[in-house]
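Worksheet: the structure to be examined is printed underneath.
Quick note: the coordinates plus some simple rules give every number you see, no bench work behind them. Bear in mind the structure is a predicted one, so any value in this text is a computation, not a measurement. A quick note on method: Cβ atoms are made from the backbone with ideal geometry, for glycine too, and the neighbour counts reach across all protein chains shown.
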Amino acid sequence: MTRTVHCVLLKKEAPGLDRVPYPGPLGQRIFESVSKEAWQRWVGHQTMLLNEYRLTPVDPKARKFLEAEMEKFFFGAGSSPPGDFRKV
């Protein structure tokens, strides 16, 4: 049976994640209130951030930045692309 959540991003009931996607309290919060579809949107946004800012995921500063952006993306005002980012 598929687990459903009321997704904070989509504002509707949707299939939930199969497991906690990130360590710690933020990961648990995401597991409880973010759908699979919304998580995939974050993965795409995160990829854009990694590429545009030329971040290395193993760098602690980059991980801290991405965690803050993840928090904003799901639970805040949203995570914005870099100012000069143009979608092709």
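Once the Cα gyration tensor of the chain is found, what semi-axes does its equivalent ellipsoid get, as square roots of 5 times the eigenvalues, in whole Å, sorted largest first?
After diagonalising the Cα gyration tensor, the semi-axes are 24, 15, 11 Å.
Loop only per DSSP, at most 16 neighbouring Cβ atoms within 10 Å: give me the chymotrypsin sites (Phe, Trp or Tyr not before Pro) in the stretch 6-71, ordered by residue number.
Passing sites in the stretch 6-71 are 53.
Could you sort out which of 12/64; 36/64; 11/61 sit more than 26 Å apart by Cα distance in this structure?
12/64; 11/61
What is the dipole size for the stretch 4-75, taken about its Cα centre, with +1 at each Lys and Arg Cβ and -1 at each Asp and Glu Cβ, in debye to the nearest 20?
80
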